[in-house]
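Undergrad: The structure follows.
The values are calculated or read from the model by the stated rules, or taken from the named source; none is laboratory data. Worth saying up front: this structure is predicted, and the values here are computed from it rather than measured. We place every Cβ from the backbone using ideal geometry, glycine too, and count neighbours over all the protein chains shown. Protein only, heavy atoms only, side chains kept; ligands, DNA and RNA dropped before computing areas. Shrake-Rupley method; radii C 1.70, N 1.55, O 1.52, S 1.80 Å.
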Amino acid sequence: MTDQTPPADVREDREWSLDELADAYAYPTGEERKGAWLRANMVSSLDGAAQHDGRSQPISSDADMRIFGTLRGLADAVVVGAETVRLEGYRPARARAAFADRRAAAGQGRAPAIVVVSASLGLDFSLPLFTEPLVPTLVLTGAAASPDRIRDAERAGAEVVVAGDGPGVEPARAVRALAERGLVRLLTEGGPRMLGQFAAAGVLDELCLTVSPTMTVGDAQRIAGGPALPDPARFALASVLEEAGFLFTRYRKV
Ligand SMILES: NC(=O)c1ccc[n+]([C@@H]2O[C@H](COP(=O)([O-])OP(=O)(O)OC[C@H]3O[C@@H](n4cnc5c(N)ncnc54)[C@H](OP(=O)(O)O)[C@@H]3O)[C@@H](O)[C@H]2O)c1
């Protein structure tokens, strides 16, 4: 450890309050944010698994879910891969009283928009995620997407945004397209296949990584997948919180 490394802030007597967490995870502002800021929030077991039995819940905890909720409470938009939406049964984000004043002061709507990234548009557009959100759900896709599926998404109430010339979304273009809509405090909740592309494209500014005191063994995905980078991307530790043996780390791209 060097003396530049922040010590872990350990909580033994009571849990971190939502206000404390919101202060700890405030988005950078102005110059530092350089327009949009994309942070990822992921949980990993000690042996690197990003899920167990196809979901992240078995390696998560109450404190992890409070941080999950806090990061949503601070974000303009939550970007998520279609497979995570399908497997984790995504619903629209809620408006939460705990974050109402902060959101109003920051000029944000009552809840973040959910942004689903999909090439196939093989999504169930009759779900509340598309038909009943507080703020319309966005679907990011490529120019080759099926016009019929685009129409289905739009009929359900979603806004479809093309952010790629082929079948897929180009990460830098996705961030630009969201920023153009005023969505600059960005949060991605994975999954690994999507996060790997955003990290590889160099558009990931921050990683909020929960280290879960569990081991799953097996062959679960890591938090980021896809082709390896020629050289590892480097991140610097920004903060560490602890609760009930879980480490809540925050790393920024250097
Ligand atoms: N540990 C954690 O923090 C965490 C977080 C999230 C998820 N998970 C787990 O991860 C698993 C799912 O993750 P995953 O990696 O398999 O899938 P994913 O990244 O959630 O979704 C992959 C899908 O997203 C779409 N996609 C990804 N990149 C795209 C691009 N550039 N352009 C267009 N569409 C793109 C494609 O959708 P289409 O097939 O529709 O084209 C692709 O099939 C689940 O088990 C979930 O529980 C864990």
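Undergrad: Show the residue pairs that are 6+ apart or on different chains and have beta-carbon atoms under 6 Å apart, the first residue being within region 226-247 and within 17 Å of T70 (Cα to Cα) and of a type in the set (D, E, K, R), the second being assigned to a strand (DSSP E or B) and open to solvent by 50 Å² or more (accessible area, probe 1.4 Å).
TA: Close Cβ pairs (under 6 Å, with a partner that is assigned to a strand (DSSP E or B) and open to solvent by 50 Å² or more (accessible area, probe 1.4 Å)) amount to E242/V10.
Undergrad: When region 74-89 is examined, which residues are found to be closer than 13 Å to L123 by Cβ and more than 10 Å from the ligand (Cβ to nearest atom)?
TA: Selection gives G89 alone.
Undergrad: Working only within region 50-80, note down all residues that are of a type in the set (S, T, N, Q) and surrounded by fewer than 20 Cβ atoms within 10 Å (Cβ to Cβ).
TA: Q57, S60, S61, listed by residue number.
Undergrad: Filter region 31-40 down to the residues that are free of Cβ contacts under 8 Å to residues at least 40 places away in the same chain and not in a helix (DSSP H, G or I) and list them by number.
TA: Once the filter is applied, which keeps residues that are free of Cβ contacts under 8 Å to residues at least 40 places away in the same chain and not in a helix (DSSP H, G or I), region 31-40 yields only K34.
Undergrad: Those residues that are within 18 Å of E83 (Cα to Cα), touching a Pro at 6+ places or on another chain (Cβ under 7 Å), open to solvent by less than 40 Å² (accessible area, probe 1.4 Å) and touching a residue at least 40 places away in the same chain (Cβ under 8 Å), I need them from region 115-136; list them, please.
TA: Kept after step one, since they are within 18 Å of E83 (Cα to Cα), are these residues of region 115-136: 115-130.
Applying the additional criterion that residues be touching a Pro at 6+ places or on another chain (Cβ under 7 Å) yields 119, 128-129.
Now restrict to residues that are open to solvent by less than 40 Å² (accessible area, probe 1.4 Å): 128-129.
The one that is within 18 Å of E83 (Cα to Cα), touching a Pro at 6+ places or on another chain (Cβ under 7 Å), open to solvent by less than 40 Å² (accessible area, probe 1.4 Å) and touching a residue at least 40 places away in the same chain (Cβ under 8 Å): L129.
Undergrad: How many of the residues in region 58-101 are in a loop (DSSP other than H, G, I, E, B) and among the charged types (D, E, K, R)?
TA: Selection size over region 58-101: 4.
Undergrad: Report those helices (runs of 4 or more DSSP H) wholly inside region 123-218 carrying at least 1 residues which are within 14 Å of V78 (Cα to Cα) and more than 11 Å from the ligand (Cβ to nearest atom).
TA: By residue number, 128-131, 171-180.
Undergrad: List pairs: first residue in region 168-183 and farther than 14 Å from L204 by Cα, second residue within 14 Å of the ligand (Cβ to nearest atom) and among the β-branched types (V, I, T) anywhere in the structure, Cβ distance under 6 angstrom, at least six positions apart or on different chains.
TA: As it stands, the answer is V169/V117; A177/V161, since those pairs meet every condition given.
Undergrad: Can you pull out every residue in region 51-72 that is in contact with a Ser or Thr (Cβ under 6 Å, 6 or more places away or on another chain) and either free of Cβ contacts under 8 Å to residues at least 40 places away in the same chain or within 18 Å of G225 (Cα to Cα) (or both)? Break it down stepwise before answering.
TA: We begin by selecting, within region 51-72, every residue in contact with a Ser or Thr (Cβ under 6 Å, 6 or more places away or on another chain); these are 52, 59, 64.
Selection gives H52 alone.
Undergrad: Scanning region 219-242 for residues that are of a type outside the set (K, R), within 18 Å of the chain's Cα centre (by Cα) and open to solvent by 50 Å² or more (accessible area, probe 1.4 Å), which turns out farthest from the ligand (Cβ to nearest atom)?
TA: F235
Undergrad: Follow-up. Just to be sure before I move on: is V43 touching a Leu at 6+ places or on another chain (Cβ under 7 Å), among the hydrophobic types (A, V, I, L, M, F, W, C) and either part of a helix (DSSP H, G or I) or within 16 Å of the ligand (Cβ to nearest atom) (or both) in the structure I sent?
TA: no
Undergrad: Before we move on, is G190 open to solvent by less than 50 Å² (accessible area, probe 1.4 Å), within 17 Å of the chain's Cα centre (by Cα), on the phi > 0 side of the Ramachandran plot and in contact (Cβ under 8 Å) with a residue 60 or more places away in the chain?
TA: On the way: open to solvent by less than 50 Å² (accessible area, probe 1.4 Å): yes; within 17 Å of the chain's Cα centre (by Cα): yes; on the phi > 0 side of the Ramachandran plot: yes; in contact (Cβ under 8 Å) with a residue 60 or more places away in the chain: yes.
It is true that G190 is open to solvent by less than 50 Å² (accessible area, probe 1.4 Å), within 17 Å of the chain's Cα centre (by Cα), on the phi > 0 side of the Ramachandran plot and in contact (Cβ under 8 Å) with a residue 60 or more places away in the chain.
Undergrad: Report, by residue number, each residue of region 154-179 that is more than 22 Å from the chain's Cα centre (by Cα) and either among the hydroxyl-bearing types (S, T, Y) or crowded, with 18+ Cβ neighbours inside 10 Å (or both).
TA: Hit for region 154-179 is A156, nothing else.
Undergrad: Considering every residue within region 102-112, establish whether at least one is in contact (Cβ under 8 Å) with a residue 12 or more places away in the chain and assigned to a helix (DSSP H, G or I).
TA: Yes, the conditions are met somewhere in region 102-112.
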